[in-house]
């Protein structure tokens, strides 16, 4: 083993052990639990069963929860990307003295807890909230419209909450681009739109992939925001796990849901990275 | 300033010995706690409730007994106690009578006995259960916006009035909704293992009358104080807090009976003698009349100790509860069969999610 290789292993070992301890061990535990039989008084019985996965995959109610979670996660990812890209582009290309302040403003929402930010959205979106009051005052509507307790409210709040997770990977990707490439394209007669579509955007792909993976996985596992802004029908996988663990005490089924969520998130990450690598190679 | 550096160097054998001791210490907390109870490990609710509890009990308790309070806060702590039942890591768990009966029967809690808790004899019989005695009594009924609802409200079933469409809230099952659902189900003739009447009725409430879910105390207060909701099941003092925040709401005890919650910390079993004694000492303090009056002043809820109830100061006289009040508050809840409720928890929750909420 070369000196460099040995040093490499030395650096990787502590984090590897940490992952083994805090990620793989609990993951293995709930994977195991997911194939045990539920019992109200014993929590679970050591009797292997496929019942939990059958219930999850073949019951229309649980299938609906899975579809809803994926739909919200995908929509949030797309909208966050659409909002974050121009912002990241501006931050990367704008070299003025205010850039630090703008960067701070992007990070600022992360300095308050997710519950505080979500309650802020309740104040804004409620029937008696700021938006409805303003619209009535402007004469645009006669009576409050239903914004709160809709999927739209959840997606809007998730986009706001997760914006920094998309902006910073994009910013890193855009700021690392060679500006000469754009100048070369311009010299060869390309329009601004074509330069963006064929040079800037493809070179931003690593940032897009990283930001999208972060936003997708965080949205798919979200609990607080969908629960507070989504209303009674907004059952997503995160809320389902929370309820099954804390209220129903059906841990085997909760473990099956958690395993499925991890599998879905992992599949999306693999597909995303594979797709991005494929396109880069092409 | 002189810096001291230890000249002691550990040999490999000593290091291994310390490692093994650490592993044993982590694996056998009960044994460690039996040697010296220098801390009380407590599973508790967070927010204002913890602040008031600290101010009324634990700040003084920790100082007087030279112990450190080790907290873990959250709404539902019973699952953790169940998960750790073979090797408990906590001394006390904040709980109500429903969950105390359920996890007590599973052997997780120690019974409340006079020998360990001298103040227990002074607690009103309505607030004493096998595994818990309330430090407080929290009456539960309907919070009603009296500005928007002018007709008389005196029944749980008033929530179904079409005039309140879109203005009704019901607590989440993960909060206290499960018990309130069972209460209404019983009013409708159902039982813990027959929830058909409740499911059918609540389907109407959510589908036809546009009810929404209240997630917790803060959410309920926000819904009522902004008048987004006009009627919902709630605790008496939390209704007062919603009124203080601008919501024109009053607390009503329905004629079918309200719910009579009692809250305190249950004594977790198998924690070792020293820890269990220290935990019991703290619980006993929560049953003390003077301490209960101080807690009542902070929370706005009536005490459970008979001496405290008789000696309420003038400013707290409004908290006095008559025998008739007691009868009305606990009318439905006293009939609950907690273990049947527990056995059917999974099925009832799933039916509620699928048939009522979806």
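For the reader, a short list of remarks on this structure follows.
- For segment A:1-60, the relative contact order works out to 19 percent when only alpha carbon pairs closer than 8 Å and six or more residues apart are counted.
- Once the Cβ-Cβ distance of residue B:351 and residue B:216 is raised to the sixth power relative to R0 = 30 Å, the FRET efficiency obtained is 0.85.
- The stretch between residue B:105 and residue B:250, if pulled fully straight at 0.36 nm per residue, gains 48.5 nm over its current Cα-Cα span.
- Computed [θ] at 222 nm, helices only, for the protein assembly as shown once each DSSP H run of length n ≥ 4 contributes -39500 (n - 2.57): -16000 deg cm²/dmol
- Distance between segment A:1-36 and segment A:83-107 - C-alpha centres, whole angstrom: 37
- Highest mobility in the GNM of chain A, judged by mean-square fluctuation with C-alpha springs under 10 Å and restricted to A:63, A:186, A:99, is found for A:186.
- Quotient of Cα Rg and 2.2 N^0.38 Å for chain B, N being how many residues it contains: 1.12
- Length-normalised contact order of chain B in % [C-alpha pairs under 8 Å, at least 6 apart]: 25
- As a calculated quantity, the FRET efficiency between residue A:270 and residue A:177 at R0 = 30 Å, using C-beta atoms, amounts to about 0.70.
- The overall shape of segment B:276-351, judged from the alpha-carbon gyration tensor, is oblate: a/c is not under 1.5, and a/b is no greater than b/c.
- Virtual spin-label span in nm between residue A:82 and residue B:314, 7 Å along Cα→Cβ: 6.6
- The distance linking segment B:50-92 with segment A:190-261 is 35 Å (Cα centroid to Cα centroid, whole angstrom).
- A crude spin-label estimate for the pair residue B:306 and residue A:47, with each label 7 Å from Cα along the Cβ direction, gives 4.9 nm.
- The mean sequence distance of close C-alpha pairs (under 8 Å, at least 6 residues apart), as a share of the length of segment A:63-281, puts its relative contact order at 27 percent.
- Directionally averaged projected area (segment A:54-172, Cα convex hull): 10.5 nm².
- Counting only alpha carbon atoms, the long axis of helix B:273-286 and the longest principal axis of chain B meet at about 40°.
- DSSP beta bridges confined to chain B are antiparallel in about 65 percent of cases.
- Here the simple spin-label model places points 7 Å from the Cα toward Cβ, and for residue A:146 and residue B:155 these points are separated by 2.7 nm.
- Cα-based helix-to-principal-axis angle, B:196-207 vs chain B, degrees rounded to 10: 80
- Cα centroid of segment A:42-70 to Cα centroid of segment B:107-122, whole Å: 41
- Gaussian network model of chain A, springs between alpha carbon atoms under 10 Å - residue of A:14, A:164, A:26 with greatest fluctuation: A:14
- Over 38 Å [Cα-Cα, the protein assembly as shown], rounded percent: 45
- Per-residue mean of C-beta atoms belonging to partner chains within 10 Å, peptide B:75-85: 3
- Hydrodynamic radius of segment B:168-283 per Kirkwood, over alpha carbon pairs, in Å: 16.4
- Sorted on the mean count of surrounding Cβ atoms within 10 Å across their residues, most packed first, peptides A:45-52, A:202-209 read A:202-209, A:45-52.
- Rounded to 10°, Cα long-axis angle of helix B:12-27 versus longest principal axis of chain B: 30
- Stokes-Einstein D in µm²/s, Kirkwood radius over Cα pairs - segment A:63-281 at 25 °C with 0.890 mPa s viscosity: 126
- Between B:239, B:299, B:265, the GNM of chain B built on Cα springs shorter than 10 angstrom shows B:299 fluctuating the most.
- Remark: mean inter-chain Cβ contacts per residue of A:227-234 equal 4, using a 10 Å Cβ-Cβ cutoff to other protein chain atoms.
- Shielding by other protein chains, A:244-254, mean Cβ within 10 Å: 6
- Per-peptide packing, taken as the mean over residues of other Cβ atoms within 10 Å, places B:173-180, B:224-231, A:138-145 in the sequence B:224-231, B:173-180, A:138-145 from highest down.
- A convex hull fitted to the Cα coordinates of segment A:1-126 yields 280 cubic angstrom per residue.
- Put in order of Cβ neighbour count within 10 Å, fewest first, the listed residues A:101, A:114 become A:101, A:114.
- Anisotropy class of segment A:17-77 from Cα gyration tensor, a/c 1.5 cut: oblate
- Looking at the protein assembly as shown, the DSSP beta bridges with both ends there are about 70 percent antiparallel.
Only the coordinates and a few stated rules stand behind these numbers; no lab work does. Treat the numbers as computed from the prediction; the structure is a model and nothing was measured. Positions of Cβ are backbone-derived with ideal geometry, glycine not excepted, and every protein chain shown enters the neighbour counts.
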